[in-house]
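Take a look at this one; I'll ask things after.
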Amino acid sequence: MLIVNLIGLSLVVLIIWWFWLKKPQSLKVSSNTVEIIVDNGVYSPSNIEIKLGQAVKLIFLRKDPSPCAEKVIFEKLGLSLDLPVNKPTEIRVKPEETGDYVFNCQMKMYVGHLKVNN
Amino acid sequence: MKNYRLSIGGMSCAGCVASVETALNSVPGVEEAVVNFAEHTAVVTGEMDIADVISAVKAASYDAAELKGGDEEAAEKEAIEFAYYRALLKKAGVAAIVGVPLFVGGMTGWFPEIDSENGQLTWLLLGLLTLGVMVYSGKHFFTGAWKSFRVHNANMDTLIALGTGAACLYSFVIVLFPDSVPSLARHAYFEAAVIIIGLINFGSALEMKARGKTSEAIKRLIGLQPKTARVLRDGKEVDVAISEVGLDETLRVRPGERIAVDGVIIEGHSSIDESMLTGEPMPVEKNVGDEVSTGTINSSGTFLFTSKRIGSDTVLAQIIDMVRQAQSTKPAIGRLVDKVASVFVPVVLIISVITFLIWFNLATENAASYALVTTMTVLIIACPCALGLATPISIMVGVGKAAEMGILIRNGDALQQAGKLTTIVLDKTGTVTEGKPAVTEIVPAKDADENSLLTIGASIEAGSEHPLASAIAMHAREKELALLKVENFAAITGQGVSGLVDNQSVLFGNTSLMKNHHVDISQLENKAQQLSQQGRTSMYLAVAGQLKGIIAVSDPIKKDSIEAIQRLHDLGMKVVMLTGDNQLTANAVAKQVGVDEVIAEVLPQDKAAKVVYFQERGEQVAMVGDGINDAPALAQANVGFAIGSGTDVAIESADITLMRGSLYGVADAIAISRATLSNIKQNLFGAFIYNTLGIPVAAGILYPLFGILLNPMIAGAAMAMSSVTVVSNANRLRFFKSKRQVT
């Protein structure tokens, strides 16, 4: 019984650490184009890092036909894009301030981060 | 022979055209490639593969993408969605075929006990069958969960995969090692895992069907774009694909046809049905020089017009773009939910672990079984999708429905604000009135006559852009009067104009102008007041410091302004009218239309300050104006409404654009905003209540008191239906009707 309880409590700690405390690795973008695959509930890559002032072309290729994936929204940038299935759809972004620009589907099940650093 | 149209990116000079054409012509099968530098497009004809064509352009360091007609894209999208819908139903069907007999068998004792003779083998076979169904019908949940987990994210797939995965794993442990748990806990949950997977697939299919209807408005707008146009080339009429119509081409439209691109009529006249863009049900008469818009229908005559805007520049394309963008935005109310949704799944995971531990520690018998069932039920019943969908799906339907009524809402915030308005400030000219004033009276002073008064008035106003000026000029034209030479023309904001006409100084304007220049107006002051009380705008004309008469102009009130203002009152709004006119004229108009308050003699630059005045008194203020002259006031207001007449309105200028020039649009916009907001609140309330009640019940909170424990399969059905309910509720907005559609 003790072991089960210890495992349970460890799981709670692990959930907190993995989903909230551990920062996922970002893809540092040196070129100006990133292709993002939209499939299986995730954007791949989902964490992208660019420099302030860097204009970047994000090309979304949606493979998931579920309607959840049909839009990608950059709320902070006031941009949204319809993603047809199996057709690369591009959007150019050039954030004016540093910070974390989240992009997501309408339901926030697909979530990605565009981090802009100095 | 194939024909493709491409958009070409990266062309900066005419030299690039040659490079792109060379690249296109190098592709095997291409017979002709024509690049249009102005439009950044290319048309390629021949027997070639479009992928090769795009690769060739990219190899030449330019961007290329295939341009398709709206209909084709929509049809392709529908085909993909239908295939996915069928796939979901198939997955649900397979799960049902296996799950239902497993469930019935378990209930009726068809299958032997796990620890009986042959029991282990039977259940192992059933377990393998379950595994097969899980792979076929539920693989996408497991891949999604794993991929999300790797990037430190958790979503609905995580919950479903963990819930059903735990049930399956536990059942295999029971079957393979029955002695590892007490005999009372030896129960396999294969049927639960399979039925839950089936129900969720079925729910997703239903949700997909319902979601298809939410985008009907945008599909209808896209469907307005004709595929072909009849163009006059080399003296002949030829039917060409819409993508091949260029600027400044001459097109013919016959009765009953849709107009293919935006343009200006150069020959003929007709009445045009613009209801699909403006919501205005009555056809509009159009003559030479009038603009026509893509997607509208030519009701009667045949006419020729010149194309002025094509492709993404047409009003229709701009409307579609604006609606699409607005449908993706969220009002502030939705952003709070986003915060909850973003931590929802990990929180549910933690709750499920705690539920397991509580049952495992406190249950007096069958602790492992109870712990597993409740944990699984918590994971399955939690529905982040219903929460996440609640706001965007209502916005999508609400904004789309508004667009069908000729109301373009810029974003979710505008929609939320419009639902909270308390005061509506209306600009008089062009909003309450037609904005097309006409001369009604000419009153000469003792030593003057009507024609000389009108001649001088029309001459000096010739240089003015004021709407009253055109009314006087029109009246002079009708009387065939020759205008005089004007020098030193000056417009004095809020007062009138001055200048030299035939070398004599002339002043033409309101009382302030006359008083500032010490002109004695006592002779006609009473008459001017009388006219003002009838709603006329009276302007004094003085030559060489002597009063010569009054020209009175009246701007007719729009035929539906009175009823529309009454409807605004019915919605609980305070209605204020702003005007540059004198107090008497303003009062007369205000009395006719029934506004609550009138502010007269407001200079154009002071309109924004008047909006601030009401805001400082705690009012939520809407400003309604033409969107061009009122830009600062529209920007200052909580919601700026640009009101257009037909399709010539400046779409980009306000929070809400009314394509139909009627004040009914303001009332409709407020009503649909309120309806959408209340729909969002219903959805959010439902989703929150569902999750906040469902999760504790699933965790077994009712068991100690009433002995009620939720079956995980019922949790699966509830979860599947929760998203469908949210989407169906949002779909009710499609049936929203204006209190008065016909003007």
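Give me the accessible area buried between chains A and B, both sides summed, with a 1.4 Å probe, in Å² rounded to the nearest 100.
When A and B are taken together, about 3900 Å² of accessible area is lost.
Take the Cα gyration tensor of the stretch B:357-458, multiply each eigenvalue by 5, square-root it, and list the three semi-axes largest first, rounded to whole angstrom.
Those come to 76, 13, 7 Å.
Right, next: What does the convex hull of the alpha-carbon atoms of chain B project to on average, in nm²?
43.5
Hey, what's chain B come to in accessible area per residue, 1.4 Å probe, Å²?
On a per-residue basis, chain B sits at 43 Å².
Pick out, in residue order, every one of the trypsin sites (Lys or Arg not before Pro) in the stretch B:437-508 that is DSSP loop and has at most 11 other C-beta atoms within 10 Å; say none if there are none.
Sites meeting the loop and neighbour criteria: B:K446, B:K485.
Using only alpha carbon positions, build the gyration tensor of the stretch B:282-339, then give the equivalent ellipsoid semi-axes as the square roots of 5 times its eigenvalues, largest first, whole angstrom.
38, 13, 8
At a Förster radius of 25 Å, what calculated FRET efficiency corresponds to the Cβ-Cβ distance of B:T228 and B:S55, to the nearest 0.05?
Numbers: r = 30 Å, r/R0 = 1.19.
Step by step, r from the Cβ atoms, then E = 0.25.
Longest exposed-loop-site-free stretch of chain B, with GluC sites (Glu not before Pro), DSSP loop and at most 11 other Cβ within 10 Å? Let's see the in-between values first.
Details: sites that count: B:E47, B:E117, B:E365, B:E465, B:E480, B:E616.
Result for the longest clean stretch: B:118-364.
Same structure, new question: Where in the stretch A:29-46 does accessible area fall by at least 20 Å² between the isolated chain and the complete protein assembly, at a 1.4 Å probe radius?
A:N40, A:G41, A:V42, A:S46
What are the semi-axes of the equivalent ellipsoid of the protein assembly as shown, taken as the square roots of 5 times the eigenvalues of the Cα gyration tensor, listed largest first and rounded to whole Å?
Semi-axes, largest first: 65, 34, 23 Å.
What does the convex hull of the Cα atoms come to per residue for the stretch B:96-192, in Å³?
102
Specify the inter-centroid distance of the stretch B:688-734 and the stretch B:141-171, based on alpha-carbon positions, in whole Å.
So the separation of the two Cα centres works out to 20 Å.
Compute, for the stretch B:440-503, the length of the dipole vector about the Cα centre, with Cβ point charges of +1 (Lys, Arg) and -1 (Asp, Glu) only. Units Debye, rounded to 20.
Details: 4 positive and 10 negative charges, 18 e Å.
For this selection, approximately 80 debye.
Report, to the nearest whole %, how much of the accessible area of the stretch B:269-407 belongs to carbon and sulfur atoms, 1.4 Å probe, protein only.
Numbers: 2580 of 4270 Å².
Percent of accessible area from carbon and sulfur atoms in the stretch B:269-407: 60.
Ok, one more. When only DSSP loop residues count, what chymotrypsin sites (Phe, Trp or Tyr not before Pro) in the stretch B:104-195 have their Cβ near at most 11 other Cβ atoms within 10 Å?
Loop-located and lightly packed - B:W110.
I want to check the label-to-label distance for B:N503 and B:S19. Put each point 7 Å from Cα in the C-beta direction and report it in nm to one decimal.
Here the answer is 6.6 nm between the modelled labels.
Could I ask something else about it? Projecting each Cα onto the charge dipole of the protein assembly as shown (Lys/Arg +1, Asp/Glu -1 at the beta carbon, about the Cα centre), which of B:V57, B:Y4, A:M107 comes out farthest on the positive side?
Going by the Cα projections, it comes out as A:M107.
I'm checking a number: the convex hull volume of the Cα atoms of the stretch B:488-596, normalised per residue, in Å³. What is it?
104
A follow-up question, please. For the protein assembly as shown, give the magnitude of the charge dipole about the Cα centre (Cβ charges: +1 Lys/Arg, -1 Asp/Glu; no others), in debye to the nearest 20. Display every interim value, and only then the final one.
Values: 74 positive and 86 negative charges, 465 e Å.
That gives the protein assembly as shown a dipole magnitude of about 2240 debye.
Using 1/(1 + (r/R0)^6) with R0 = 30 angstrom and r between the beta carbons of B:R86 and B:A241, what's the FRET efficiency to the nearest 0.05?
Here the calculated transfer efficiency is 0.40.
Just going by the charge dipole of the protein assembly as shown, with Lys and Arg at +1 and Asp and Glu at -1 on Cβ, which of B:I670, B:G93, B:P28 is farthest out on the positive end?
Checked the options; the winner is B:G93.
Follow-up. Quick one: net charge around B:I174, please, counting Lys, Arg +1 and Asp, Glu -1 for every other residue with C-beta under 14 Å from its C-beta. If you can, show how the numbers build up before the last one.
Numbers: positive: B:R186; negative: B:E113, B:D115, B:D179, B:E191.
It works out to a net charge of -3.
Could I ask something else about it? Express in whole angstrom the spacing between the alpha-carbon centres of the stretch B:334-366 and the stretch A:1-75.
Here the answer is 22 Å between Cα centres.
May I pose another question? Taking a threshold of 29 Å on the Cα-Cα distance, which of the pairs A:K23/A:K76; B:K219/B:K681; B:K219/B:K428; A:K108/B:K737 fall above it?
Distance filter (> 29 Å) returns B:K219/B:K428; A:K108/B:K737.
Summarise the accessible area of the stretch B:79-189 (1.4 Å probe, protein heavy atoms) by the percent that is carbon and sulfur. Present the calculation step by step, with values, prior to reporting the outcome.
Details: 4000 of 5710 Å².
Here it works out to 70 percent.
I've got another one for you. Return the carbon/sulfur percentage of the accessible area of chain A, one whole number, probe 1.4 Å, all protein chains in place.
That share works out to 60 percent.
State the Cα centre-to-centre distance between the stretch B:175-211 and the stretch B:76-128 in whole Å.
Taking the Cα centre of each part, the stretch B:175-211 and the stretch B:76-128 sit 9 Å apart.
Mind checking B:147-160 for the average number of partner chain beta-carbons within 10 Å of each residue's beta-carbon?
6
Sticking with this structure for a sec: What accessible area per residue, rounded to a whole number of Å², is obtained for the stretch A:24-117 using a probe radius of 1.4 Å?
Solvent-accessible surface per residue comes out at 41 Å².
Filter the trypsin sites (Lys or Arg not before Pro) in the stretch B:544-613 down to the DSSP loop ones having no more than 15 other Cβ atoms within 10 Å, then list what survives.
Taking the stretch B:544-613 and a limit of 15 other Cβ atoms within 10 Å, the loop trypsin sites (Lys or Arg not before Pro) found are B:K559.
Could you tell me the convex hull volume per residue, in Å³, taken over the Cα atoms of the stretch A:24-117? Working shown, then result.
Working: hull volume 7.6 nm³, N = 94.
Dividing the Cα hull volume of the stretch A:24-117 by its residue count gives 81 Å³.
Give me the lysines in straight-line cross-link reach of B:K286: C-alpha distance below 18 Å, same-chain residues under 8 apart excluded.
Within the straight-line cut-off, B:K286 pairs with B:K308, B:K436.
For chain B, return all DSSP H helices satisfying: extent of Cα atoms along own axis at least 27 Å; mean Kyte-Doolittle hydropathy at least 1.6.
Span-like helices in chain B: B:156-176, B:332-362.
OK, next. Bin by bin, in steps of 5 Å, what percent of the Cα pairs in the stretch B:394-550 do you find, going until the bin that has the longest distance?
For the stretch B:394-550, the binned pair fractions read 2, 8, 15, 18, 16, 9, 5, 5, 6, 7, 5, 3, 1, 0 percent.
Using a 10 Å cut-off on Cβ to Cβ distances, tally the other chain neighbours for every residue of B:340-346 and report the average as a whole number.
The mean count of partner-chain Cβ atoms within 10 Å per residue comes to 3.
Which aspartates and glutamates, if any, have their Cα less than 15 Å from the Cα of B:K420, not counting same-chain residues under 8 positions apart?
Excluding near neighbours in sequence, the set is B:D570, B:E619, B:D655, B:D668.
Roughly how big is the stretch A:24-117's charge dipole about its Cα centre, with Cβ charges of +1 (Lys, Arg) and -1 (Asp, Glu), in debye to the nearest 20?
My answer is approximately 140 debye.
So, one more: Taking every residue in A:110-116, how many Cβ atoms of other protein chains lie within 10 Å of its Cβ, on average? Let's see the in-between values first.
Details: counts 4, 8, 2, 1, 0, 0, 0.
Averaged over the peptide's residues, the number is 2.
So, one more: Given the Cα atoms of the stretch B:538-632, and with Rh set as the inverse mean 1/r over their pairs in the Kirkwood sense, what is Rg to Rh to two decimals?
Values: Rg = 15.9 Å, Rh = 15.3 Å.
Radius of gyration over Kirkwood radius for the stretch B:538-632 works out to 1.04.
The values are calculated or read from the model by the stated rules, or taken from the named source; none is laboratory data. No experiment lies behind these values; they were computed from the predicted model shown. Glycine gets a Cβ as well: all are built from the backbone with ideal geometry, and neighbour counts include every protein chain shown. Please note that ligands, DNA and RNA were not included when accessible areas were found on the heavy atoms of the full protein model with its side chains. Shrake-Rupley method; radii C 1.70, N 1.55, O 1.52, S 1.80 Å.
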